[in-house]
1. Is at least one residue of the range 9-27 of a type in the set (Val, Ile, Thr), within 16 Å of the ligand (Cβ to nearest atom), buried (at least 18 other Cβ atoms within 10 Å of the Cβ) and modelled with pLDDT of 95 or more?
2. Take the range 90-113 and flag every residue that is in a strand (DSSP E or B) and either out of contact with any Gly (no Cβ under 7 Å at 6 or more places or on another chain) or within 9 Å of the ligand (Cβ to nearest atom) (or both).
3. Quick one: in the range 385-411, of everything that is in a loop (DSSP other than H, G, I, E, B) and of a type in the set (A, V, I, L, M, F, W, C), which residue is nearest to Val2 (Cα to Cα)?
4. Can you find, within the range 364-423, the residue that is farthest from Val316 (Cα to Cα) among those that are among the acidic types (Asp, Glu) and free of Cβ contacts under 8 Å to residues at least 24 places away in the same chain?
5. Got a number for residues in the range 114-129 being part of a helix (DSSP H, G or I) and out of contact with any strand residue (DSSP E or B) (no Cβ under 8 Å at 6 or more places or on another chain)?
6. Output the number of the condition that Ser43 fails; it satisfies all remaining conditions of (1) in a loop (DSSP other than H, G, I, E, B); (2) within 30 Å of Glu6 (Cβ to Cβ); (3) among the polar types (S, T, N, Q).
7. Scan Glu310, Glu289 and give me the residue that is surrounded by 18 or more Cβ atoms within 10 Å (Cβ to Cβ), charged (D, E, K, R) and under 27 Å from Met241 (Cα atoms).
8. Given the conditions (1) within 30 Å of Phe45 (Cβ to Cβ); (2) more than 16 Å from the ligand (Cβ to nearest atom); (3) not aliphatic (A, V, I, L, M), and given that Asn331 satisfies all but one, which numbered condition is not satisfied?
Amino acid sequence: MVDFLELREQFPILGQEIHGHPLVYFDSAATAQKPQRVIDAESKFYETINAGVHRGAHELAARSTVAFEEARAKVAKLVGANAEEGQEEIVVTAGATAGLNLLATAFGNASLGRGGDAAKRFALKPGDEIVVSKAEHHSVLLPFQELAYRTGATLKWFDLTDDGRIRSDTADEVITNRTKIVAITHISNVTGAITDIAPIVKRAHEVGAIFILDACQSVPHLKLDFHKMDVDFAAWSAHKMYGPTGVGFLYGKRELLEALPPASFGGSMVELAWMDKPAQYMEPPARFEAGTQPVAQVVAAGVAADWMREIGMENVEAHEKAITAELLKLNDVPGFRVLGPVENKDRIGTVSFDVEGVHPHDVGQFFDAQGIAVRVGHHCAQPVHRHFGLFASSRASTGVYNTVEEAKQVVETAGKVRPFFEV
Ligand SMILES: Cc1ncc(COP(=O)(O)O)c(C=O)c1O
């Protein structure tokens, strides 16, 4: 049994008061707080082994390289990816957005003929199709929309059910023989709905398309195994999984990473460079990690990955499910509407809501005055808001440190919002 109250004590930031109230943090979908172990790992790296990786003959460089590669292996273990030398399937990025842009840029490069025959499977031309969904975060929608503009491919999308779920049941119609890429969110950062990806992955592979998963909101909340899920690529950020900002990871099936041309160019990704002919690039993951890497942050992200595995993602799921049950009672507060599934099934504790007659910004400030941090705005997902007839909403989202009592406090505070604004 995991003692989640004891676990909460590991987060120094949560011990403070905001506006005279104990801090209640319900904004983990934006960024999660960090346990002391992660904070210590980053500073310890700077105190003891700070050095650039993969070059230099001195001892600190060797130690930082080991720490960096060990962190990659820890992250791989969290998501069921390969980590053995020469078989690595985890690429270090600056975050989910960077990982998704890496893919879109690399596919664009393949469309220009870069990467040779091996990269032809990623190449797009007019008439080809890229499929996303209306529930995508802009960091999926925009890179692949731009890729469509650059290559002349057509952007298509999955529609949503009334409660905001991606219509996986329409996979056979939406994905056609012309589809080359399918990029879909595993969990919407607005509705909290878990996408039933199996039919989409199956159909994508039937027509020979590449399936990309936005795993930003699922890695921190679910037990995942990318091999079992048969996804081709997956991107996510460390800062949402209790790790540092400025770093993220891109999973890719090894054979696909080997075939993919690079997206950014510079030091540490090249075997041989000449003035008068193209460079010979390194094998993955180095091919995709040009420039000096955020080593301290990667090392700390590895500690976060181990920390999550130690808690057990099944335990995290069960703990957060109980909190989600309370948060969903927001839908019963007069004038409140939860955007997303209201049944506590196939969803996580990211609960967005509209308050009739009160602007989300005012809602956020009302909560803040009680020491409760919730997010307001369009959450970088405008199409899904449009689906609900809105431009913005308020959002409470869970982390491992939240309690059922805190969720009750959110619902109780919600009941006071409309009377306060006299609507
Ligand atoms: C579903 C989803 N995808 C992608 C992103 C982008 O993550 P980042 O801003 O860390 O790159 C986010 C962040 O909010 C997200 O929630």
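The values are calculated or read from the model by the stated rules, or taken from the named source; none is laboratory data. Please read these numbers as outputs of a predicted model, since none were measured by experiment. Every residue, glycine among them, receives a Cβ derived from its backbone with ideal geometry; neighbour counts consider all protein chains shown.
1. Within the range 9-27, not a single residue is of a type in the set (Val, Ile, Thr), within 16 Å of the ligand (Cβ to nearest atom), buried (at least 18 other Cβ atoms within 10 Å of the Cβ) and modelled with pLDDT of 95 or more.
2. In the first step, residues of the range 90-113 are kept if they are in a strand (DSSP E or B); the result is 90-93.
Ile90, Val92, Thr93, listed by residue number.
3. Val400
4. Keep residues of the range 364-423 that are among the acidic types (Asp, Glu), which gives 368, 405-406, 412, 422.
Adding the requirement that they be free of Cβ contacts under 8 Å to residues at least 24 places away in the same chain leaves 405, 412, 422.
On the way: Glu405: 17, Glu412: 25, Glu422: 39 Å.
Checked the range 364-423; the qualifying residue farthest from Val316 (Cα to Cα) is Glu422.
5. Qualifying residue count, the range 114-129: 4.
6. Failed condition: (1).
7. Values: Glu310 fails: surrounded by 18 or more Cβ atoms within 10 Å (Cβ to Cβ).
Going through Glu310, Glu289 in turn, the sole match is Glu289.
8. With (1) within 30 Å of Phe45 (Cβ to Cβ); (2) more than 16 Å from the ligand (Cβ to nearest atom); (3) not aliphatic (A, V, I, L, M) applied to Asn331, the lone miss is (1).
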